[in-house]
Each structure stands twice: as C-alpha cells, then as structure tokens.
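A.B. asks: Have a look at this one before I ask anything.
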Amino acid sequence: MSISRTKMLQVSKCLIGLAVMVLQSCDVTDNRRDLLCGNWESVEGKPDVLIYKEGEAYKVTVF
C-alpha cells in the first residue's frame, strides 16, 4: 500500500497536533516534557520538527 506525500503530511500534522494536546494537558510534578524540546530531524524526506517552550506553552514548528 502506498500513501501519497499529501496524505502523509496530513497524517503527520494530525499526529503532531495530538502530541501537542497531550503535552499541554499533562500535569506532572516531574516535568520531563523539556526533554522533548529541540530540533528533530526527519528520515526519508519527512518534515523536520522543532519543539520549544514559550512561556508555559510548548510549541511545535514543522519545516
């Protein structure tokens, strides 16, 4: 089964959005979310991702 590039990008956006919502909803005393921050390089031509903290919010940028 082959998935088009457009469909793969749509799925990637949904998964990243879901991850952001989960990160924002977590209330953990041991805040390990900071470990996710940084530049994440993709494999096989998929979009690169930057995760960073701005104030109390974590943000995601897809390149």
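Read-outs throughout are calculated quantities, based only on the coordinates presented, and are distinct from any laboratory measurement. Just so it is clear, the model here is predicted, and its values are computed rather than measured. Positions of Cβ are generated from backbone atoms using ideal geometry, with glycine treated the same way; all protein chains shown enter the neighbour counts.
A.B. asks: If you take the beta carbon distance between E41 and M21 as r and set R0 to 22 Å, what does 1/(1 + (r/R0)^6) give as a FRET efficiency, to the nearest 0.05?
C.D. replies: Once rounded, the FRET efficiency stands at 0.40.
A.B. asks: Let me ask something additional. Evaluate the relative contact order of the chain (contact order divided by residue number), counting alpha-carbon pairs under 8 angstrom at least 6 apart; express in whole percent. Spell out each step's value before the answer.
C.D. replies: Working: 51 pairs, mean separation 15.6, N = 63.
With pairs under 8 Å counted, the relative contact order is 25 percent.
A.B. asks: Another question, then. How long is the gain from S4 to D34 if the chain were fully straight, where each residue apart is worth 0.36 nm and the alpha carbon distance is subtracted?
C.D. replies: 7.5 nm
A.B. asks: Now, a different point. Once phi is turned into ³J(HN,Hα) by the Karplus curve 6.51 cos²θ - 1.76 cosθ + 1.60 with θ = phi - 60°, what whole-Hz value does each residue of the stretch 45-57 show in order, with x for glycine and proline?
C.D. replies: Once θ is set to phi - 60°, the couplings for the stretch 45-57 become x, 7, x, 6, 10, 10, 10, 8, 9, 10, x, 8, 9 Hz.
A.B. asks: For the Cα atoms of the chain, what angle does the longest principal axis make with the long axis of helix 5-25, in degrees from 0 to 90, nearest 10?
C.D. replies: Once rounded, one gets 10 degrees.
A.B. asks: What does the charge add up to near L15, with Lys and Arg as +1, Asp and Glu as -1, over the other residues with Cβ less than 15 Å from its Cβ?
C.D. replies: Residues near L15 contribute +2 overall.
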